[in-house]
Amino acid sequence: MGEFITLLKRGNRSALTAGIVNSVIAIIKAVAYVLTGNVAMFAEMMHTIGDAANQFFVFIGSALSKKAPTKRFPNGFGRLVNLVLLGAILFVGIMAYETIHEGIAHIIEPTESTGFWITLSVLFVGVVLESGVFYKAMQEIAHDARLTSKGPKLILDSFRALKQAKPATRLVFLEDLVATAGGLVAMIAVIISHLTPFHQAEGIASILIGLMMFYVVGNVFLQNAAGALGEADETMAARIGGIIMRDPDVRDISKLEVIKEGDHFHVEVEIEVDPTLTIALADDIKDRLELQIRLQQGIIDVTIGFDEDDNIQQYIVSTNETR
């Protein structure tokens with residue numbers, strides 16, 4: 001139990017924050033839906049319940065993935081977060097289906113909702129709170145991608161650097177992007193339904209929100225299926241290649257693989273050195289490089305092999321490897 005508590009402290013903070021915030025929002029929306037019967041509110045309630053449950057699963061999965069390797073699992077538990085996310089999105093998929101189903105039913109048999117100001121106020125509060133979590137996820141992405149962006153530039157840069165973020169952070173980012181956009185769509189639909197006889201607007205909004213949820217399901221599934229299989233990370237490989245090639249005793253790199261498992265990276269590299277070097281000097285080079293590589297965030301396993309220099313340059317350092 002003590003180990004579990006310790007692991008939870010290392011869980012993804014964005015997912016935990018999002019889970020708590022969405023739980024509060026889900027309760028508020030559930031009360032509002034019971035009072036008003038608004039279909040757009042039902043869609044938002046289902047979406048938020050799905051997000052909250054999902055993000056708590058993600059938090060626990062990201063924490064358990066930090067567990068140290070064992071004899072049974074010598075490569076560690078890094079891919080556990082990917083497996084948890086694959087399971088969690090099934091829940092979101094079910095919520096998305098129910099949201100679309102309810103929207104279609106409302107379009108076929110539209111009814112006028114009550115409690116306009118209650119609905120609008122709750123949706124507005126939800127958008128504000130979701131926006132705060134969304135911004136927090138942007139900051140997490142900036143941290144993972146080593147960005148210094150702030151303000152409006154952070155918004156654009158976080159979208160560009162999304163692939164470099166941790167799996168859990170990516171999920172929170174996408175879910176809160178959809179939640180914020182869905183809240184705005186629901187507000188527009190509620191206003192249209194209140195001011196005009198077009199009550200089907202709420203059903204259309206429900207379907208749009210459900211489709212956005214399915215987009216998150218598809219995106220997260222593809223990303224985490226690749227992560228569960230063990231995906232090569234070109235960005236980290238480029239960074240490590242630059243570190244290795246800056247060492248004065250390294251002539252070339254004949255092999256460099258960086259496999260990402262959850263939030264962790266496994267590095268396997270084969271370097272070419274002067275064939276006259278002694279074993280003692282080669283061991284010094286290995287220790288020196290391993291120390292520098294392990295200083296990179298998320299590196300948990302480094303394997304370094306040696307080969308004699310063949311005087312043919314294979315590895316070329318690009319500009320982005322020097323950062």
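The values are calculated or read from the model by the stated rules, or taken from the named source; none is laboratory data. From a predicted model like this one, the values you see are computed outputs, not experimental measurements. Here the Cβ positions follow ideal geometry from the backbone for every residue, glycine too, while neighbour counts run over all protein chains shown. SASA here: full protein model, heavy atoms, side chains in, ligands and nucleic acids out. Shrake-Rupley method; radii C 1.70, N 1.55, O 1.52, S 1.80 Å.
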Original post:
Is it the case that region 17-30 has a residue that's more than 22 Å from the chain's Cα centre (by Cα) and either surrounded by 24 or more Cβ atoms within 10 Å (Cβ to Cβ) or among the polar types (S, T, N, Q) (or both)?
Top reply: yes
Subject >> Top-ranked residue of region 63-84 - restricted to ones that are assigned to a loop (DSSP other than H, G, I, E, B) and small (Gly, Ala, Ser), ranked as most open to solvent (accessible area, probe 1.4 Å) >> reply: 68
**OP:** Looking only at region 179-195, count how many residues are hydrophobic (A, V, I, L, M, F, W, C) and open to solvent by 10 Å² or more (accessible area, probe 1.4 Å).
**Re:** 8
Original post:
So residue 114 clears everything in (1) in contact (Cβ under 8 Å) with a residue 12 or more places away in the chain; (2) of a type in the set (Val, Ile, Thr); (3) outside any loop (DSSP other than H, G, I, E, B) except one condition, right? Which one?
Top reply: (3)
Original post:
Only one of (1) farther than 30 Å from residue 39 by Cβ; (2) among the aliphatic types (A, V, I, L, M); (3) open to solvent by 10 Å² or more (accessible area, probe 1.4 Å); (4) part of a helix (DSSP H, G or I) is not met by residue 154, so which one is it?
Top reply: (3)
**OP:** Search region 229-242 for residues being buried (at least 18 other Cβ atoms within 10 Å of the Cβ) and touching a helix residue (DSSP H, G or I) at 6+ places or on another chain (Cβ under 7 Å), and hand back the single one that is nearest to residue 291 (Cα to Cα).
**Re:** 240
**OP:** Can you run down the residue pairs with Cβ atoms below 8 Å, 6 or more apart or on separate chains, where the first is in region 187-214 and at pLDDT below 90 and the partner is outside any helix (DSSP H, G or I) and open to solvent by 70 Å² or more (accessible area, probe 1.4 Å)?
**Re:** 193/112; 199/111; 199/112
Original post:
List, please: which pairs have Cβ atoms under 6 Å, are six or more places apart or on different chains, and start with a residue in region 222-239 that is more than 28 Å from residue 315 (Cβ to Cβ) and end with one that is assigned to a loop (DSSP other than H, G, I, E, B) and at pLDDT below 80?
Top reply: 228/79
Original post:
Any chance region 93-103 includes a residue that's in a loop (DSSP other than H, G, I, E, B) and either at pLDDT below 80 or of a type in the set (S, T, N, Q) (or both)?
Top reply: no
Original post:
Counting only residues that are among the hydroxyl-bearing types (Ser, Thr, Tyr) and open to solvent by 40 Å² or more (accessible area, probe 1.4 Å), how many does region 31-62 have?
Top reply: 1
Original post:
Do you know which residues across region 119-151 are buried (at least 17 other Cβ atoms within 10 Å of the Cβ), of a type in the set (A, V, I, L, M), out of contact with any Phe, Trp or Tyr (no Cβ under 8 Å at 6 or more places or on another chain) and touching a residue at least 60 places away in the same chain (Cβ under 8 Å)?
Top reply: 120, 122, 123, 127, 129, 133
